[in-house]
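The values are calculated or read from the model by the stated rules, or taken from the named source; none is laboratory data. Everything numeric in this text was worked out from a predicted model, so none of it was measured. As a convention, Cβ positions derive from the backbone with ideal geometry for all residues, glycine included, and neighbour counts pool all protein chains shown. Please note that ligands, DNA and RNA were not included when accessible areas were found on the heavy atoms of the full protein model with its side chains. Shrake-Rupley method; radii C 1.70, N 1.55, O 1.52, S 1.80 Å.
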Amino acid sequence: MPDKQPIFISGIDTGIGKTLVSAILTEKLNADYWKPIQSGDLDKSDTLKVKSLISNPVTQFFPEAYALTQPFSPHKSAALDKVTIELENIVLPKTDNQLIIEGAGGLMVPLNDNFLIIDLIKQLNARVILVSKHYLGSINHTLLSLHALKKYGIPVMGVVFNGDKDIYSKSYILDYSEVADLGQIPELDTINKKTVKEAGKFITL
C-alpha cells in the first residue's frame with residue numbers, strides 16, 4: 001500500500017474495537033501509531049495497550065496531544081481537567097512511515113464547544129477505516145457514520161467488522177453504502193501479540 005496518507009480508525013460507537021483494529025493494522029503494516037486524545041486512566045491508555053500488542057521493531061508510538069484523566073467525552077474530560085482542547089495544538093507527528101491514528105469514541109464526539117472528532121479528521125487530512133460491530137441498531141449507526149463522512153468529504157477506505165458475523169446486517173450496510181468490505185475479525189478468545197499478528201489476515205488492504 002504505497003499511499004502514506006494517514007489512516008484514521010474511527011468506530012460507530014464506544015467500545016466497538018477501535019484499539020484492537022488499530023493494533024492489528026499497526027502490526028500488519030509495520031505502521032506508526034498515534035492517539036491524539038486520550039481520556040481516562042492514563043496508566044491503562046490505548047497507546048500503552050497497543051504498544052503491548054506490537055511485535056515488530058519498526059513501529060513508533062507518538063505521545064498524545066491531550067492526555068485527560070477523566071473517562072468521559074473529551075470535551076467533558078477536558079473541562080474537568082481545566083483545559084480546553086484546541087485543534088491547532090493537534091499536529092500530525094513527523095514520520096515517513098504509514099501512520100495509524102486512533103480516534104476517541106465515534107465521529108460526532110465533541111472536543112470543545114465548536115468542534116467534533118470528524119472536524120479533527122478533516123484537519124489531519126486523513127482517510128478513514130470505520131469499525132463496525134453487529135448489534136441491534138448497528139446498521140443505523142454505521143450508515144449514519146458513513147453519511148457524515150461523505151458529507152464532510154472525507155475519504156473512506158472501507159469498513160472492518162469486529163466480532164460475531166451477521167450476514168443480514170453486513171450485506172445491507174455494504175450494499176446501501178457501496179463502501180469496501182475490509183474484512184471481519186472474529187471474536188478473539190485471547191488478545192496478545194501472537195493473536196494480533198495472526199489477525200492481520202482478516203483485514204484486506
Check: Of all residues in segment 89-115, which are open to solvent by 10 Å² or more (accessible area, probe 1.4 Å), outside any loop (DSSP other than H, G, I, E, B) and either out of contact with any helix residue (DSSP H, G or I) (no Cβ under 9 Å at 6 or more places or on another chain) or within 28 Å of residue 165 (Cα to Cα) (or both)?
Finding: 89
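Here is a yes/no grid of residues against (1) outside any strand (DSSP E or B); (2) open to solvent by 30 Å² or more (accessible area, probe 1.4 Å):
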position: 129; (1), (2): no, no
position: 148; (1), (2): yes, no
position: 158; (1), (2): no, no
position: 161; (1), (2): no, no
position: 164; (1), (2): yes, yes
position: 176; (1), (2): yes, yes
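Table: residues versus (1) more than 17 Å from the chain's Cα centre (by Cα); (2) under 30 Å from residue 113 (Cβ atoms); (3) of a type outside the set (Lys, Arg).
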position: 24; (1), (2), (3): no, no, yes
position: 33; (1), (2), (3): no, yes, yes
position: 36; (1), (2), (3): no, yes, yes
position: 45; (1), (2), (3): no, yes, yes
position: 64; (1), (2), (3): no, yes, yes
position: 67; (1), (2), (3): no, yes, yes
position: 75; (1), (2), (3): yes, yes, yes
Notebook entry, point to check: How about segment 181-204: which of its residues are more than 17 Å from residue 55 (Cβ to Cβ), open to solvent by less than 80 Å² (accessible area, probe 1.4 Å) and in contact with a Leu (Cβ under 8 Å, 6 or more places away or on another chain)?
Noted result: 181, 182, 185
Checklist line | Any pair with Cβ under 9 angstrom, 6 or more apart, that starts in segment 166-189 at a residue that is under 15 Å from residue 17 (Cβ atoms) and ends at one that is assigned to a loop (DSSP other than H, G, I, E, B) and of a type in the set (Asp, Glu) | finding: 186/164; 187/164
Notebook entry, point to check: Within segment 3-20, how many residues turn out to be closer than 19 Å to residue 49 by Cα, in contact with a strand residue (DSSP E or B) (Cβ under 6 Å, 6 or more places away or on another chain) and either modelled with pLDDT of 95 or more or open to solvent by 30 Å² or more (accessible area, probe 1.4 Å) (or both)?
Noted result: 7
Margin query: Can you find, within segment 123-150, the residue that is farthest from residue 100 (Cα to Cα) among those that are of a type in the set (Gly, Ala, Ser) and in contact with a strand residue (DSSP E or B) (Cβ under 7 Å, 6 or more places away or on another chain)?
Written below: 138
Next item on the list: Please state which one of 53, 68 is among the aliphatic types (A, V, I, L, M), open to solvent by less than 60 Å² (accessible area, probe 1.4 Å), touching a helix residue (DSSP H, G or I) at 6+ places or on another chain (Cβ under 9 Å) and over 22 Å from residue 13 (Cα atoms).
Entry: 53
Notebook entry, point to check: When segment 48-81 is examined, which residues are found to be more than 12 Å from residue 27 (Cβ to Cβ) and among the basic types (Lys, Arg)?
Noted result: 49, 76
Next item on the list: Considering every residue within segment 74-85, establish whether at least one is out of contact with any Pro (no Cβ under 6 Å at 6 or more places or on another chain), small (Gly, Ala, Ser) and surrounded by fewer than 21 Cβ atoms within 10 Å (Cβ to Cβ).
Entry: yes
